[in-house]
Amino acid sequence: MSFVLMSISSQHLVAQYAQQDSTYNRWFVGSTLFLLGNIDRVNPPNFYQLNFGYRITGKDVITLEPKTWKYAWPNGIHPFLNQSYGKPDQKFPGYVREYGISLAYQRFLWNGFYTELNVMPTIQFFVNDNDKKIDNGFQVFNTYRVGYHIKLFKDRFFLQPSIAVTHRAYHTTLPDGFKQMDDRWSKFVFPEPGFHFGFNF
């Protein structure tokens, strides 16, 4: 975080692409600092994400984000603000492995500030405590985000700190044991921090 703050403070921040400017790079690739969550000792997510984006205009952006992760506690437990996260009595009888590709749309509103709708259908595999797959499932996981776009190094790179509400809009019935734990918690989580980064080309 110190490196990021130092980089931001030393750069000339111009954080919005002018509507009349056609010289900016339209394509980008990136990911998220959530990759650092893989060092979690309680619930290591084995999380991987790669973003492929295209700027339709200076204010409209679409992104495809293939990703995968696993989790052993219900998604409705806030990992930073709820003390139930990581407690053995709230754990699933195993874990869930998910694979999905989300489609995100960003709309820049003013001076680098943007809103985003991110919709991700996922395939779920339910695994018990003996590492045996017991069921499959399907989920639609939405993220509603507001953030700020920061250009760095003459717009070669960018950072996007953000805050979001996550919403499990739909999922098939969870297997016995998983369902009872999941039903205790909300389908919404707020606030979820975000920190995307990328390379323009």
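Any residue at all in the stretch 83-95 that's of a type in the set (Ser, Thr, Tyr), in contact with an Asp or Glu (Cβ under 9 Å, 6 or more places away or on another chain) and surrounded by fewer than 19 Cβ atoms within 10 Å (Cβ to Cβ)?
Within the stretch 83-95, not a single residue is of a type in the set (Ser, Thr, Tyr), in contact with an Asp or Glu (Cβ under 9 Å, 6 or more places away or on another chain) and surrounded by fewer than 19 Cβ atoms within 10 Å (Cβ to Cβ).
Kindly list the number of the only condition in (1) over 19 Å from Met120 (Cβ atoms); (2) part of a strand (DSSP E or B); (3) without any contact (Cβ under 8 Å) to a residue 60 or more places away in the chain that fails for Gly147.
(1)
Inside the stretch 56-76, can you point out the residues that are out of contact with any strand residue (DSSP E or B) (no Cβ under 8 Å at 6 or more places or on another chain) and surrounded by 17 or more Cβ atoms within 10 Å (Cβ to Cβ)?
Of everything in the stretch 56-76, those that are out of contact with any strand residue (DSSP E or B) (no Cβ under 8 Å at 6 or more places or on another chain) and surrounded by 17 or more Cβ atoms within 10 Å (Cβ to Cβ) turn out to be Trp73, Pro74.
Name the one entry in Phe141, Phe157, Phe197 that is closer than 20 Å to His78 by Cα and of a type in the set (A, V, I, L, M, F, W, C).
Going through Phe141, Phe157, Phe197 in turn, just one is closer than 20 Å to His78 by Cα and of a type in the set (A, V, I, L, M, F, W, C): Phe141.
Just for the stretch 58-116: of the residues that are out of contact with any Leu (no Cβ under 8 Å at 6 or more places or on another chain) and β-branched (Val, Ile, Thr), which one is nearest to Arg26 (Cα to Cα)?
Once the filter is applied, the top-ranked residue is Val61.
Among the residues of the stretch 58-107, write down those that are under 17 Å from Pro44 (Cβ atoms), aliphatic (A, V, I, L, M) and outside any strand (DSSP E or B).
Ala72, Ile77
Restricting attention to the stretch 124-136, does a residue exist that is in contact (Cβ under 8 Å) with a residue 24 or more places away in the chain and within 30 Å of Arg55 (Cβ to Cβ)?
no
Hey, could you check the stretch 107-138 for residues that are touching an Asp or Glu at 6+ places or on another chain (Cβ under 7 Å) and polar (S, T, N, Q) and say which is nearest to Phe195 (Cα to Cα)?
It comes out as Thr122.
What number of residues within the stretch 170-187 are assigned to a loop (DSSP other than H, G, I, E, B), of a type outside the set (Lys, Arg) and over 20 Å from the mean Cα position of the chain (by Cα)?
The number of residues fulfilling the criteria is 7.
Just to be sure, is Gly100 modelled with pLDDT of 95 or more, within 17 Å of the chain's Cα centre (by Cα) and surrounded by 15 or more Cβ atoms within 10 Å (Cβ to Cβ)?
So Gly100 fits the description; yes.
Considering only residues that are under 13 Å from the mean Cα position of the chain (by Cα) and under 30 Å from Trp110 (Cβ atoms), which ones fall in the stretch 37-72?
Passing the criteria: Gln49, Leu50, Asn51, Thr63, Leu64, Glu65, Lys67.
The values are calculated or read from the model by the stated rules, or taken from the named source; none is laboratory data. Note that the coordinates shown come from a computational prediction; the quantities given were computed from them, not determined experimentally. Heads up, the Cβs are rebuilt from the backbone with ideal geometry, glycines too, and the neighbour counts pull from every protein chain shown.
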